[in-house]
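Asker: Here it is, the structure in full.
Every number in this text was worked out from the coordinates using simple rules, so none of it is lab data. Everything numeric here is computed off the predicted structure, so don't read it as measured data. Cβ sites come from the backbone with ideal geometry, for glycine too, and all protein chains shown count toward neighbours.
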Number of protein chains: 2
Amino acid sequence: MQLLKDRIIKEGRILEGNVIKVDSFLNHQVDVNLINEVGRKFKSLFQDVKVDKILTAETSGIAIAAIVAQYFNAPMVFARKTESKNLDKDTYTSEVYSYTKAKTYKIRVSKKYLREGENILIIDDFLANGKALEGLIDIVKQAKASLVGIGVVIEKGFQEGGRKIREKGIRLESLAIIDSIEGGEFRFRE
Amino acid sequence: MQLLKDRIIKEGRILEGNVIKVDSFLNHQVDVNLINEVGRKFKSLFQDVKVDKILTAETSGIAIAAIVAQYFNAPMVFARKTESKNLDKDTYTSEVYSYTKAKTYKIRVSKKYLREGENILIIDDFLANGKALEGLIDIVKQAKASLVGIGVVIEKGFQEGGRKIREKGIRLESLAIIDSIEGGEFRFRE
């Protein structure tokens, strides 16, 4: 998606540990016009599949998934990281290891909102090592729902998450795959 | 907003401590069609003001603010609760006391994304004691931005937050104000 790549080149910054900072449009300030184009793109990429529900995880995926869900005319569910009075006790739960925080956390979805046989499209902002997505995939499996695909805005192609997910036969569409960031320059996969 | 009130009556549940659970459409599963109507309504209520930016806080406000921001053709910024590599060191920070969790947490917005003189509309899912909104109001003040109003989806009218915010002369629009939940029934303010 050229519009997105242009924006990454223009505003993205590379931090220590190969963290890609795009907080001006994706995960702190959110450019809703750009995310609308992201939604339109995912709809065209997944136009052949029936999507009953969009699934994402706290926190950065939520704004994107909400806007994307409009294009599929489907409800959006976000997995919660924290226990909350607003969350049922009866949840699908998975553990996610965070490399940046060097600890494991849990994500939870109420069993009411993922049903057996539903067609689920997972949406997230970033894919690096894939641990967060693995947690969401696990939750979809626990619910005996059907994972029709995963849509990611930015994939760090130099980390292993994308390859591992594709090797499982899961349909993964990333709108920008960054293959290297050497010398402070983003190189995208064609 | 009748559509919203009907939905609260149909699906809302009342938990211990007067917690109102609407996780089937507002803050776990999100009905994006309903939230689109919410966005349309806020746009009509605030049609007379110029809005440069929508501000909300993690977590439950994000999906709503993202969709509402489309109606104002403005970027959305969400205050972060956790420190993150994706967040600048240079932030506006405020402390928020959570009654449900009985502890104080910080919310942070990068100084880059709130500028002096910008017209800010704050959006959130719930207003009860108003502590989270007070934190956001404080951040807008620190930035010397201009708070044009606050839009809340559900206000618990039997708690003091709404009254205190209105007494400050801040324009507050709540789409459903629940004045009592006695006997397990929602009574809305006219």
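Asker: Using only Cα atoms and rounding to the nearest 10 degrees, what angle (0 to 90) does helix A:131-142 make with the longest principal axis of chain A?
Answerer: The two axes meet at around 20 degrees.
Asker: For A:Val77, what residues show an amide H to amide H distance below 5 Å, using hydrogens built from the backbone and excluding near sequence neighbours?
Answerer: A:Ile54, A:Leu55, A:Thr56, B:Val30
Asker: Also: Order these peptides, A:8-18, B:129-139, by their mean beta-carbon neighbour count within 10 angstrom, highest first.
Answerer: Details: A:8-18: 12.6, B:129-139: 21.1.
Those peptides, ordered most packed to least, come out B:129-139, A:8-18.
Asker: Mind pulling the angle between the C-alpha long axis of helix A:61-72 and the longest principal axis of chain A? Nearest 10 degrees, somewhere in 0 to 90.
Answerer: Orientation of helix A:61-72: about 80 degrees from the principal axis.
Asker: Okay, moving on. Nearest 10 degrees is fine. How inclined is helix A:2-11 to the longest principal axis of chain A, computing both from alpha carbons?
Answerer: Computed tilt is about 70 degrees.
Asker: Okay, next question. May I ask you to report, in nm to one decimal and beginning with the shortest, the distances from A:Glu190 to the same position in the other copies, taking label points 7 Å along Cα-to-Cβ?
Answerer: 7.0
Asker: How big is the antiparallel share of DSSP beta bridges in chain B, given as a percent to the nearest 5?
Answerer: Numbers: 14 of 35 bridges.
Given both bridge residues lie in chain B, the antiparallel proportion sits at roughly 40 percent.
Asker: Could you name the aspartates and glutamates in cross-link range of B:Lys164, using Cα to Cα under 13 Å and dropping any fewer than eight places away on the same chain?
Answerer: By straight Cα distance, B:Lys164 reaches B:Glu134, B:Glu155.
Asker: Beyond 13 Å, what percent of the Cα pairs of region A:58-97 remain?
Answerer: In whole percent, the share of Cα-Cα pairs in region A:58-97 beyond 13 Å is 60.
Asker: By the gyration tensor of its Cα atoms, with a ≥ b ≥ c the square roots of the eigenvalues, what is the shape of region A:1-87: rounded for a/c under 1.5, prolate for a/b over b/c, or oblate? Walk me through the intermediate numbers first.
Answerer: Numbers: a/c = 2.35, a/b = 1.18, b/c = 1.99.
Since a/c reaches 1.5 but b/c is at least a/b, the shape of region A:1-87 is classed as oblate.
Asker: I want to make sure I understand the PRE zone here: with the label point 7 angstrom from the Cα of B:Phe158 toward its beta carbon, which residues in region B:5-34 have backbone N atoms less than 12 Å away?
Answerer: Answer for region B:5-34: B:14-20.
Asker: Along the charge dipole of chain B, pointing to its positive end and built from +1/-1 on Cβ of Lys, Arg, Asp and Glu, which listed residue (B:Asn33, B:Ile154, B:Leu136) has its Cα farthest out?
Answerer: About the Cα centre, the residue reaching furthest to the positive side is B:Leu136.
Asker: What does the structure give for A:57-66 when I average, per residue, the other chain Cβ atoms found within 10 Å of the residue Cβ?
Answerer: Values: counts 0, 5, 9, 6, 1, 11, 10, 3, 5, 10.
The per-residue average across the peptide is 6.
Asker: Would you mind listing the distances between the A:Ile14 label point and the same position in each other copy? Use 7 Å along Cα-to-C-beta, nm, one decimal, shortest first.
Answerer: 5.8
Asker: In what order do B:Phe188, B:Phe25 fall by count of nearby beta-carbon atoms within 10 Å, going from fewest to most? Display every interim value, and only then the final one.
Answerer: Numbers: B:Phe188 16, B:Phe25 20.
So the ranking, lowest neighbour count to highest, is B:Phe188, B:Phe25.
Asker: Can you list the distances in nanometres, one decimal and ascending, from the A:Lys103 label point to the identical position in each other copy, with the point 7 Å along Cα to Cβ?
Answerer: Copy-to-copy label distances at A:Lys103, shortest first: 0.9 nm.
Asker: Under the definition of Cα pairs under 8 Å and six or more residues apart, what whole-number percent is the relative contact order of region B:2-188? Don't skip to the end; give the middle numbers.
Answerer: On the way: 344 pairs, mean separation 33.9, N = 187.
Relative contact order comes out at 18 percent.
Asker: Considering the dipole of region A:2-188 built from charges on the beta carbon (Lys and Arg +1, Asp and Glu -1) around the Cα centre, which of A:Pro75, A:Ser60, A:Tyr97 is farthest to its positive end?
Answerer: It is A:Pro75.
Asker: Excluding residues fewer than 8 places away in the same chain, name every one of the lysines whose C-alpha is closer than 22 Å to that of B:Lys111.
Answerer: Correct list for B:Lys111: A:Lys10, A:Lys21, B:Lys50, B:Lys53, B:Lys81, B:Lys85, B:Lys89, B:Lys131, B:Lys141, B:Lys144.
Asker: Summarise the partner chain shielding of A:84-96 as one whole number: the mean count of Cβ atoms from other chains within 10 Å of each residue's Cβ.
Answerer: Values: counts 9, 9, 14, 4, 3, 0, 0, 1, 0, 0, 0, 0, 0.
Across the residues of A:84-96, the mean count of other-chain Cβ atoms within 10 Å is 3.
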